[in-house]
Amino acid sequence: MNSRVPLKLTVNGETFDIEVEPRWLLSDVLRHQLGLVGTHVGCEQGACGACTVLIDGKPERSCLTFAIQVEGQQITTVEGLTRDENLTPLQEAFSEHHALQCGYCTPGMLLTATALLRLEPHPNERQVREALSGNVCRCTGYQFIVDAILAVAGDTKEDAR
Ligand code: FES
Ligand code: FES
């Protein structure tokens, strides 16, 4: 018996007409239906932040979201951050400041930081650490991630993020 329902999912500006089971998680649909494997899955219970995506600009756990819940909303994954296949200034800063090692947490970190910088273009260190408090990194000790975000926040160039 086919228990799938039709779903229009808008991801990174593109609308996909797919069929999903109502119980399928957004993280799984992004990865397995759409091939957007930049969305990482760690704890699968909302604790690590690896699966963070932007839903209408807000960072959310895609492992706690059913795909059918987000019809009509704008989803952004890490693949949607880049423009013309160039790294964004935030991604460049992560690279320059050695803000990643294994990279498992990085998509979630980048999306969380992107949302922060859109809301608060010049956050201080406390605001950055607060924003990242839901994203776990087992490698870096966080300081280099904070440094990278602060470096972009201090960049007054227009369109820096
Ligand atoms: S995989 Fe979603 S919060 Fe850990
Ligand atoms: S770079 Fe490995 S978990 Fe963050």
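The values are calculated or read from the model by the stated rules, or taken from the named source; none is laboratory data. Values in this document were obtained by computation on a predicted structure and should not be read as measured data. A quick note on method: Cβ atoms are made from the backbone with ideal geometry, for glycine too, and the neighbour counts reach across all protein chains shown. Accessible surface is based on the protein model in full, side chains and every heavy atom, while ligands, DNA and RNA are left aside. Shrake-Rupley method; radii C 1.70, N 1.55, O 1.52, S 1.80 Å.
So here's what we get for this one:
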read-out	value
At 1.567 mPa s and 4 °C, Stokes D of the chain from Kirkwood alpha-carbon radius, µm² per second	81 µm²/s
Rounded to the nearest 20 debye, dipole of segment 89-153 from Cβ charges on Lys, Arg, Asp, Glu	180 debye
Unit charges at the beta carbon, dipole of the chain: most positive-side option, Leu64, Gln33, Pro6	Leu64
Accessible area per residue in Å² at 1.4 Å probe, computed on the chain	53 Å²
In degrees, nearest ten, helix 106-119 long axis to first principal axis of the chain (Cα)	70 degrees
Dipole magnitude of segment 5-80 about its Cα centre (Cβ charges: Lys, Arg +1; Asp, Glu -1), debye to nearest 20	180 debye
Gain in span if fully extended, Asp17 to Gln69, counting 0.36 nm per residue against the direct Cα distance	17.2 nm
Loop-located trypsin sites (Lys or Arg not before Pro) in segment 1-75 whose Cβ has at most 16 other Cβ within 10 Å (DSSP)	Arg4, Arg23
Helix axis angle, 143-153 relative to the chain longest principal axis, alpha carbon, degrees	90 degrees
For the chain, calculated [θ]222 nm from helices alone, where every DSSP H run of n ≥ 4 adds -39500 (n - 2.57)	-7500 deg cm²/dmol
Charge-dipole axis of the chain as Lys and Arg at +1 and Asp and Glu at -1 on Cβ define it, positive-most pick from Leu119, Thr88, Ala47	Ala47
Total charge dipole magnitude, the chain, about the Cα centre, Cβ charges on Lys, Arg, Asp, Glu only, Debye to nearest 20	420 debye
Accessible-area composition of the chain, carbon plus sulfur, in percent [1.4 Å probe]	48 percent
